[in-house]
Amino acid sequence: MPTQEIVVLRYGHRVVRDYRVSSHCCLVSRAFGAKKIIIAGDEDLSIKTSVEDIVKRWGGSFKVEFTDSWRKTITSYRKKGFFSVHLTMYGLRLEKEAKKIGKKKKILLIVGSQKVEKEVYEQSDANIAVTGQPHSEIAALAVALDRLQDGKEFEKRFSKAKIRIIPQSRGKKVIK
Ligand code: SAM
């Protein structure tokens, strides 16, 4: 079972334009064992409602919150003992840093959207790259969550689930 507490901070969200990618950041964070996501940007309650509906049906206690200041969020989480990790292709390579950072009990994982301000790089305890190539916040998040938990997120059980999939080699079996 995962022993770390991981909170994701999504830097930047614009209503309508970023809906799909931000929603997927929420779903990946939940499925890969993060405790909550904090979205810095437009307070888009439609995302919160749809993710809460997933939590109600698929279980667990994942939360979606909004902040009007990514700065205050990073500062307050660092004060609470979280190690802040900013995902950027310009950072140090994840495959080299994952073992050391993965030992931290509390991690604030920051993922960008549109151009990220220089201060985020400076305020973060680590700037980490998932390959040195430009790709996507969703992919970066998934790979980082997996590597930082050393695959333990696959053991996670979602409490109070109303829907559960029974793995099949073919076809679908769902318990409701
Ligand atoms: N053009 C934007 C910029 O200059 O910051 C980057 C946009 S990218 C689609 C959005 C986010 O995905 C980035 O802020 C970063 O968090 C993440 N990302 C993309 N490629 C990455 C990589 N190779 N390693 C780590 N994170 C990455």
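Assorted remarks:
- Amide H contacts of ALA161 (H built 1.01 Å from N, under 5 Å, at least 5 apart or other chain): GLY60
- Under a 5 Å amide H cut-off, with hydrogens placed 1.01 Å from N, GLU5 pairs with LYS106, ILE107 among residues at least 5 apart or on other chains.
- Extension reserve of the GLU43-LYS103 stretch, reckoned as 0.36 nm per residue once the Cα distance is removed: 18.3 nm
- Stretch gain in nm, segment SER69-ILE165, where the contour uses 0.36 nm per residue and the Cα spacing is subtracted: 30.7 nm
- Euclidean distance of C-alpha centroids, region 133-158 and region 89-119, integer Å: 12
- Evaluated at q = 0.17, 0.18, 0.19, 0.20 Å⁻¹, the base-10 log of the normalised Debye intensity for the chain, with identical point scatterers placed on the Cα atoms, takes the values -1.07, -1.19, -1.30, -1.42.
- Spin-label zone in region 1-27 - amide nitrogen under 13 Å from a point set 7 Å from the Cα of ARG157 along the C-beta vector: 1-2
- Based on protein heavy atoms only, region 47-142 ends up with 56 Å² per residue of surface accessible to a 1.4 Å probe.
- CD proxy at 222 nm, helix term only [per DSSP H run n ≥ 4: -39500 (n - 2.57); per residue of the chain; nearest 500]: -10500 deg cm²/dmol
- DSSP finds beta bridges in the chain, and of those with both partners inside it, around 5 percent are antiparallel.
- For GLU52 and GLU117, a Förster radius of 30 Å and the Cβ-Cβ distance give a FRET efficiency of 0.50, rounded to the nearest 0.05.
- Under 5 Å, built H, 5+ apart or other chain: amide partners of THR67: ILE39, ALA40, GLY41
- Charged side chains reduced to their Cβ positions (Lys and Arg at +1, Asp and Glu at -1) give region 5-175 a dipole of some 820 debye around its Cα centre.
- Region 40-176 - percent relative contact order, Cα under 8 Å, separation 6 or more: 29
- Using θ = phi - 60° and Karplus 6.51 cos²θ - 1.76 cosθ + 1.60, couplings along region 151-167 (whole Hz; Gly, Pro as x): x, 5, 5, 5, 8, 4, 10, 9, 5, 6, 6, 8, 10, 9, 9, 9, x
- Förster-model FRET efficiency, 22 Å R0, LYS79 and ASP125, C-beta, rounded to 0.05: 0.95
- Region 5-175 - percent of accessible surface contributed by carbon and sulfur, probe 1.4 Å: 53
The values are calculated or read from the model by the stated rules, or taken from the named source; none is laboratory data. It should be emphasised that the depicted structure is a prediction, and the values quoted were computed from it without experimental measurement. Glycine gets a Cβ as well: all are built from the backbone with ideal geometry, and neighbour counts include every protein chain shown. Each accessible area value is taken on the protein alone, full model and side chains, heavy atoms only, with ligands, DNA and RNA left out. Shrake-Rupley method; radii C 1.70, N 1.55, O 1.52, S 1.80 Å.
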